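Trainee: I have a structure here, written as structure tokens, and I will follow up with some questions on it.
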């Protein structure tokens, strides 16, 4: 991970490029840093995570056994290892670097297992599925 963190704007993905190859994924948030410490932190934290394909993610949740979770096309799975979203990170970005080195918001932290870093990935809202709504809320149209 980089030793410094630059905070700034990030682009929305382009609708037609939703299949763009992702070469890197980073999460950021103010949430807890472990399941044992469930309070927010004073400094923004970030870390690189691995994306998990939808079928594998669904199998992990099926084997987790707490409740029935359906991982659908509107979701992205990532993390679940040493670096993961945790309590208090909901709404935080999953930033992805595309093959052209362009960074975009790929997902928004939604939910995950109660135990952070439990080898079950976190689930993120897939931003490309909601681009028309986002652009409309911003007063813009798709272009």
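Nothing in this text is a laboratory measurement; each read-out follows from the coordinates by a stated rule. Since the model is a prediction, treat every value here as computed from it, not as a measurement. Neighbour counts run over all protein chains shown; Cβ positions are idealised from the backbone, glycine included.
Trainee: Averaging over all projection directions, find the projected area of the Cα convex hull of region 39-100 and quote it in nm² with one decimal place. Write out the running numbers ahead of the final one.
Mentor: Numbers: hull surface 23.3 nm².
Its Cα hull, projected and averaged over all orientations, spans 5.8 nm².
Trainee: Which order do the peptides 122-129, 56-63 take when ranked by the mean count of other beta-carbon atoms within 10 Å per residue, highest first?
Mentor: On the way: 122-129: 22.0, 56-63: 15.5.
Final packing ranking: 122-129, 56-63.
Trainee: Over all directions, how big on average is the projection of the convex hull of the alpha-carbon atoms in region 15-135, in square nanometres?
Mentor: The directionally averaged projection comes out at 7.7 nm².
Trainee: Sort 94, 44 so the one with the fewest other Cβ atoms within 10 Å of its own Cβ comes first. Write out the running numbers ahead of the final one.
Mentor: Values: 94 27, 44 11.
Ranked by crowding around the Cβ, least crowded first: 44, 94.
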